[in-house]
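Peer 1: Here it is, the structure in full.
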Number of protein chains: 2
Amino acid sequence: MKYNTFFQTLAFDRVLPYEGQVECLVYEEGKPFLQIKAPEADKVNFRYEEVDHYCTKDESGIWKTPYTAVSAMNYVQLIVDGVELITPMLPISYGYSRPYNYVELETNDDFYKIKDVPHGSVRREFFESSVTGEWESCVVYTPPGYDETYKTYPVLYLQHGHGENEMGWTAAGKVNFIMDNLIAEGRTVPFVIVMNNGMVQKVDEKGRRVVDFLLFDKYLMEDVIPFIEKKFRVGGKKVYRGMAGLSMGSLQTCLTGFAHPEMFDCLGVFSGFVTDIIQGSELDLPGREASANEHLKLLDDGKKFNALFNVFFRSMGDKDPFWSNFAHDDELLKEKGITQVRKVYDGTHDWNVWRESFRDFAKLIFKNV
Amino acid sequence: MKYNTFFQTLAFDRVLPYEGQVECLVYEEGKPFLQIKAPEADKVNFRYEEVDHYCTKDESGIWKTPYTAVSAMNYVQLIVDGVELITPMLPISYGYSRPYNYVELETNDDFYKIKDVPHGSVRREFFESSVTGEWESCVVYTPPGYDETYKTYPVLYLQHGHGENEMGWTAAGKVNFIMDNLIAEGRTVPFVIVMNNGMVQKVDEKGRRVVDFLLFDKYLMEDVIPFIEKKFRVGGKKVYRGMAGLSMGSLQTCLTGFAHPEMFDCLGVFSGFVTDIIQGSELDLPGREASANEHLKLLDDGKKFNALFNVFFRSMGDKDPFWSNFAHDDELLKEKGITQVRKVYDGTHDWNVWRESFRDFAKLIFKNV
């Protein structure tokens, strides 16, 4: 069965160029370029890997630049005459706290691509939150067979990074296809995945909507888990429950996982942080002090910690700008005698590393169910 | 429970303005305006209702224009220096054959809003297509209670219009919330809804991907229905199955429904067409001749037709540019003695009429199950 790799949340079939516009990602002599037709614009650039790449215009009004990122998937910001906008000719996920384009290159890696195997479902669910006082929504992956059987499945609560939301792991991470492929190859226990918005919004004392990532612990424990484990045939006890996350989500995993070790059998810390470096930083609400890292006290009795979690998994890209934080946590965990699975991947702080991290974590967890 | 009405497919929680940008839809003295910060741009306009509305720039570089559409939901195209792009500060659905912004105004109507009632699920499913030879994907709404019961539900196959895709009815139509609300009020039989991409893509003899709306009949009958009615507890016989669509999807409903009357108990023709006005038109593949309208032969025996379908529903906005086509079909159906439910709404060819059409159709169908 053929499949195209250009699908996105808003369009599984390819978006074909519309009148007056051209394909955005094109290959010339095997090399990728980004382009857009904009005859009246004065300046066009694409920003990725935190660098602005300026285009040159040809006589037909097409602005073009070589695309130099080598890894499969990267966020890309189109900027036309200084305005950061989205092009419908590239797929759209959610990053930098808003809908955001990304580029998916053709590569030889295919563990995250849709293949000729049975496919699970990706569901959007709606629930009341006592923490925010609003209706909220999460994304749930159920593996192939979930609808046709009556068994109870293990469940992984899986979180995105700063500026992303509940769509990230499916829209950008393709986590559903990674799971479908692992299950078809018999390399993982089938489990359900629940993905929430960890950038929890609240209304501050001045009436403004703001994001408070520290609300997520209460939100998960009091709103999400009761809702999910009532509606789905999942979880119900520690050995049937895990938590993982990338970057900010990895810290949320440690904050919640260490605070509620009776709840989770396995923890996955992808490109991320055991020690809290976010609270009080520029990524947090203004005016909050740095964390006292109370959650790290659970590490003090290493033997006890090792007995609490069947899998404690940490990963990092070898070119990740947060490498020194990873190394710092390495020292801490060594000092405390913590048993872990530790993986280092070729890459930086991006979805390519997170796809690999998830794949390897998924192979290890829920072996006892 | 509070709820915000700004949710969209890619973000249920509100997208907050990011550094350097402002809210796009703002109210001043109760009146809506569209705006974008673009200090370096030479020209900014928003196109909606097929008209370009040009903005004026203030000293801070914000371009603004009054938003004059009066109905709740309209597609909006942002154009910066002549380039048609998407702003992350408005919600995004899929129209005009690509991801596309829309504006959702605050209104007193609330039948399509998320309310304090039980909510169904919105699922993305993946299936093989023998017609396209590719993996394809559809969206499925399951009503509240589907996961907790073992009963079999009726199923409605529901189609979008030209240039839209499988996301339209949930992303723009909010059909899941319309259903949740109707079910909570006891005004409809709970049923499952299956939404497919009716702009079926194939590869033509020159190797180009093109859209062929006439493939949908075979695609639905041979690929979609067998997949859905195996995976879900739905359908299985005529009285448990219906079909409806808007605009192009309404024609597809008549083409397929009239060709397979043994399959469907009810048909919904929203803002649309009994007579085929699309085949051979500029909306069809180039070079195809106008339809011979073979499907209309089923109307020749009006009594038989009336016995075949429990509900035959047609609707139109009173300001719809296709009104003359609706009137032409009116004459045809009258001449043939066809029994129908016929609704005319205040509005044009847009989602406001389609939301109302769906609501009223949903109240009438599957009463015998």
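The values are calculated or read from the model by the stated rules, or taken from the named source; none is laboratory data. Keep in mind the model is a prediction, meaning the values are calculated, not measured. We place every Cβ from the backbone using ideal geometry, glycine too, and count neighbours over all the protein chains shown. For the accessible areas, the whole protein counts, side chains as well, though only heavy atoms, and no ligand, DNA or RNA atoms are used. Shrake-Rupley method; radii C 1.70, N 1.55, O 1.52, S 1.80 Å.
Peer 1: Between B:K304 and B:H328, what's the calculated FRET efficiency when r is the beta-carbon distance and R0 is 22 Å? Round to 0.05.
Peer 2: Plugging the Cβ-Cβ distance into 1/(1 + (r/R0)^6) gives 0.45.
Peer 1: Modelled label-to-label distance, A:T68 and B:E19, 7 Å Cα→beta-carbon offset: nm?
Peer 2: Distance between the two pseudo-spin positions: 2.2 nm.
Peer 1: So if R0 is 56 Å, what FRET efficiency would A:N293 and A:R47 give, r being the distance between their Cβ atoms, rounded to the nearest 0.05?
Peer 2: 0.95
Peer 1: Now for a separate question. If the reach is capped at under 12 angstrom between alpha carbons, list the aspartates and glutamates near B:K238, excluding any in the same chain fewer than eight residues apart.
Peer 2: Once the sequence-local aspartates and glutamates are set aside, what remains near B:K238 is B:E262, B:D265.
Peer 1: Quick one: with label points 7 Å out along Cα→Cβ, list the inter-copy distances for A:F111 in nm, shortest first?
Peer 2: When each copy's label point is compared with this one, the spacings are 5.1 nm.
Peer 1: Dividing the Cα convex hull volume of the range B:121-244 by residue count, how many Å³ per residue is that?
Peer 2: Looking at the range B:121-244, the number lands at 105 Å³ per residue.
Peer 1: Please state the Cα pair-distance histogram of the protein assembly as shown with 20 angstrom bins from zero: what percent is in each bin?
Peer 2: All Cα pairs, binned at 20 Å, distribute as 17, 50, 29, 4, 0 percent.
Peer 1: Next question, about the same structure. Carbon and sulfur: what percent of the range A:154-223's accessible surface (1.4 Å probe)?
Peer 2: Whole-percent figure for carbon plus sulfur exposure: 51.
Peer 1: Using θ = phi - 60° and the Karplus form 6.51 cos²θ - 1.76 cosθ + 1.60, what ³J(HN,Hα) does each residue of the range A:212-220 get, whole Hz, x for Gly and Pro?
Peer 2: Coupling constants for the range A:212-220: 10, 5, 6, 5, 4, 4, 5, 4, 5 Hz.
Peer 1: Note the distances from B:S324 to each other copy's matching label point, with points 7 Å along the Cα-to-beta-carbon direction, in nm, sorted shortest first.
Peer 2: Shortest to longest, the spacings are 7.3 nm.
Peer 1: Carbon and sulfur together cover what percent of the accessible area of the range A:1-152 at a 1.4 Å probe radius?
Peer 2: Whole-percent figure for carbon plus sulfur exposure: 50.
Peer 1: Still on this model: Only four residue types carry charge here, +1 at the Cβ of Lys and Arg and -1 at the Cβ of Asp and Glu. Report the dipole size of chain B about the Cα centre in Debye, rounded to the nearest 20.
Peer 2: Result for chain B is approximately 1260 debye, rounded to the nearest 20.
Peer 1: Rg (Å, one decimal) plus Dmax (Å, integer) for the alpha carbons of the range B:25-104?
Peer 2: That works out to 12.0, 36 Å for Rg and Dmax.
Peer 1: Explain nothing, just compute: Karplus ³J(HN,Hα) = 6.51 cos²θ - 1.76 cosθ + 1.60, θ = phi - 60°, for every residue of the range B:118-125 in order, whole Hz, x for Gly and Pro.
Peer 2: x, 10, x, 10, 10, 10, 9, 10
Peer 1: Can I ask one more? Please check which bits of the range A:93-118 a label hung off A:Y27 would reach, taking the label as a point 7 Å along Cα-to-C-beta and the cut-off as backbone N under 17 Å.
Peer 2: Hits in the range A:93-118 for A:Y27 at 17 Å: A:103-111, A:113-114.
Peer 1: Give me the tail of P(r) for the range A:121-362 as a percent: Cα-Cα pairs with distance above 30 Å.
Peer 2: Beyond 30 Å sits 21 percent of the P(r) for the range A:121-362.
Peer 1: Let me ask you something else. What does the net charge come to around B:S271 if you take all other residues with beta carbon closer than 10 Å to its beta carbon, with K and R at +1 and D and E at -1?
Peer 2: Once all neighbours under 10 Å are counted, the net charge is -1.
Peer 1: R0 = 30 Å: FRET efficiency of B:E335 with B:K218, Cβ-based, nearest 0.05?
Peer 2: 0.45
Peer 1: Relative to the Cα centre, what is the charge dipole magnitude of the range A:25-104, using +1 at the beta carbon of each Lys and Arg, -1 at the beta carbon of each Asp and Glu, and rounding to the nearest 20 debye?
Peer 2: Once rounded to the nearest 20, the dipole reads 140 debye.
Peer 1: Would you kindly derive the ³J(HN,Hα) couplings of the range B:159-165 from the backbone phi angles with the Karplus curve 6.51 cos²θ - 1.76 cosθ + 1.60 (θ = phi - 60°), listing them in order in whole Hz, with x for Gly and Pro?
Peer 2: Here the 3J(HN,Hα) series is 10, 7, x, 4, x, 9, 8 Hz.
Peer 1: Same structure, new question: Between B:S281 and B:K367, how many nm apart are label points set 7 Å from Cα along the C-beta direction?
Peer 2: 3.3
Peer 1: So the label point sits 7 Å from Cα along the Cα-to-Cβ vector; using that for B:G186, what distances do you get to the other copies, in nanometres, sorted shortest first?
Peer 2: When each copy's label point is compared with this one, the spacings are 5.4 nm.
Peer 1: Dipole of the protein assembly as shown, Cα-centred, from +1 at each Lys and Arg C-beta and -1 at each Asp and Glu C-beta, to the nearest 20 debye?
Peer 2: Roughly 2480 debye, rounded to the nearest 20.
Peer 1: Also, I was wondering about something else. Between their Cα atoms, which of A:K115/A:K343; A:K113/A:K363; B:K151/B:K218; B:K304/B:K336; A:K37/A:K57 are more than 20 Å away from each other?
Peer 2: Cα-Cα > 20 Å for A:K115/A:K343; B:K151/B:K218; rest within.
Peer 1: What's the local net charge at A:D284, with K and R +1, D and E -1, over the other residues with C-beta under 10 Å away?
Peer 2: Every neighbour counted, the sum reads -3.
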